[in-house]
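See below for the structure under consideration.
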Amino acid sequence: MSKGFVSGLMTGICYFALQSGAYSQEQTDPQELGPIVVTASRSEQSLDEVTRSVAVVESEQIERSVADSVTEVLRDVPGIKIIDSGAPGMQRISIRGESSIRNVVLVDGQEISDHTSYGPLFLIAPEDIERIEVVKGPGSVLHGSKAIGGVVNIITKKGADRALEIEVGTKFNSSTNGLSGFGSAAGTIDKWDYRVSLSRAYDGDRETPAGPLEPSASSEQSATAYIGYRGEQHSLSLKAERYELEADVNTGSSEFPFDLPKRDRSKLSFFYDFENVNDYISKVHFDGYFQQIDRVADNTYTRPEFALPLTTPPTITKMKQRSNHIESELQTLGLNSQVDLSLADNVVTLVGFQVIQD
């Protein structure tokens, strides 16, 4: 057994940005212009005001797509290509032709770390997603040196408009005889909102015209819990997440099966906002998180053993089975801070920093 690990790796960015208002004094409500997005500038803007190329996938589109993964949701976004490694649930994306490792994947503005040569995975269930914002093109100033191809920010669901809202659902995938189910309870009581959700999915071996593709089964399950307080100026929220993914990989050879029994993500996070501080400071934001990603890979193969001394051609005495077991554990501490300043009319000044230690 061998174990791989990354330790003591810290990255950080500090940023300073200016935004100029793009709408008239009479049309002061950004909602009149279009959906609100935050990823392109790290501050709330109407999509019509953003000068960069941004695509937004909203919850209605996610529900209609009947997708079993986030990458499938993004498949129809212009400029995005799905990179399929052959392992169910292990797809990555390429933005405008850039390598997958040159994209940053965020969940509620917090990064999913991945120190492989393949790029980050989307370790989250589609049922937990409120919307997805995709920024196409370089975003290194605001999101770090890895954001050369672009940034994907997954905004998760929070509370509901009533005291209690219960949602349940199920899906069937005929190509894999797969079945999934999910359920959630959410609501808002006075100034508090909450959400608890569970999901579970199983897909069998993929059906092809030539017969089942073995092995290619996968399973996933997730659980989230969120609670938040929203006052007139202050808001605070806490969230816990757990996502588990298991997949079998078809390598094209029955003598070399590959099993990925664990690709799990656990996370604890907090968010704090102080709005309308004074005439010059419109907003102060802090958030932090601890995240752990566990990976396990097993493969079994056979190799020949030859009689000694070697002859020409070599004489095979027997076939011996070998196996490899690889584990890795990636722990991440992250902290983000930002201050939105109103120092001049129609101009917003952003000052902030981000620190990530793996």
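Observations on the structure shown:
- When residues of region 225-251 are limited to those that are touching a residue at least 60 places away in the same chain (Cβ under 8 Å) and within 15 Å of Asp287 (Cα to Cα), the one farthest from the chain's Cα centre (by Cα): Gly228
- For region 183-197, taking the residues that are touching an Asp or Glu at 6+ places or on another chain (Cβ under 9 Å) and of a type in the set (A, V, I, L, M, F, W, C), the one that is nearest to Gly159 (Cα to Cα) is identified as Ala186.
- Exclusive hit being aliphatic (A, V, I, L, M) and closer than 30 Å to Leu333 by Cβ, set Val135, Val50, Val77: Val135
- Within region 91-109, tally of residues that are part of a strand (DSSP E or B) and more than 15 Å from Lys157 (Cα to Cα): 7
- Top-ranked residue of region 57-76 - restricted to ones that are of a type outside the set (Gly, Ala, Ser) and surrounded by 18 or more Cβ atoms within 10 Å (Cβ to Cβ), ranked as nearest to Ile124 (Cα to Cα): Val70
- Taken together, the criteria place Thr311 among residues that are loosely packed, with under 15 Cβ neighbours inside 10 Å and more than 22 Å from Thr156 (Cβ to Cβ).
- Members of region 66-83 that are touching a helix residue (DSSP H, G or I) at 6+ places or on another chain (Cβ under 9 Å) and at pLDDT 80 or above: Ser69, Val70, Glu72, Val73, Arg75, Asp76, Ile80, Ile82, Ile83
- Test result for Ala307, without any contact (Cβ under 8 Å) to a residue 24 or more places away in the chain, within 24 Å of Leu142 (Cα to Cα) and not basic (Lys, Arg): no
- Pairs with Cβ under 6 Å, 6+ apart, first in region 332-358 and surrounded by 13 or more Cβ atoms within 10 Å (Cβ to Cβ), second among the aromatic types (Phe, Trp, Tyr) and assigned to a strand (DSSP E or B): Leu333/Phe290; Gly334/Tyr289; Ser337/Phe286; Ser337/Phe353; Val351/Phe16; Gly352/Tyr15
- Meets criteria (surrounded by fewer than 20 Cβ atoms within 10 Å (Cβ to Cβ) and hydroxyl-bearing (Ser, Thr, Tyr)) for Ser180: no
- Strands (runs of 3 or more DSSP E) enclosed by region 255-358 - at least 1 residues per element that are over 21 Å from Glu241 (Cα atoms), touching a Lys or Arg at 6+ places or on another chain (Cβ under 8 Å) and basic (Lys, Arg): 281-306, 316-344
- Scan region 115-147 for residues that are in a loop (DSSP other than H, G, I, E, B), under 17 Å from the mean Cα position of the chain (by Cα) and of a type outside the set (Gly, Ala, Ser) and the total you get is 9.
- Going through (1) among the hydroxyl-bearing types (Ser, Thr, Tyr); (2) modelled with pLDDT under 85; (3) buried (at least 16 other Cβ atoms within 10 Å of the Cβ); (4) more than 15 Å from Glu246 (Cβ to Cβ) one by one, Ser216 falls short only on (4).
- Residue selected from region 192-213 under the condition modelled with pLDDT of 95 or more and more than 23 Å from Leu260 (Cβ to Cβ), by the criterion farthest from the chain's Cα centre (by Cα): Trp192
- Selection count, region 306-322, where residues are among the polar types (S, T, N, Q) and over 53 Å from the mean Cα position of the chain (by Cα): 2
The values are calculated or read from the model by the stated rules, or taken from the named source; none is laboratory data. Keep in mind the model is a prediction, meaning the values are calculated, not measured. Methodologically, a virtual Cβ is constructed for each residue, glycine included, from the backbone with ideal geometry; neighbour enumeration extends over all protein chains shown.
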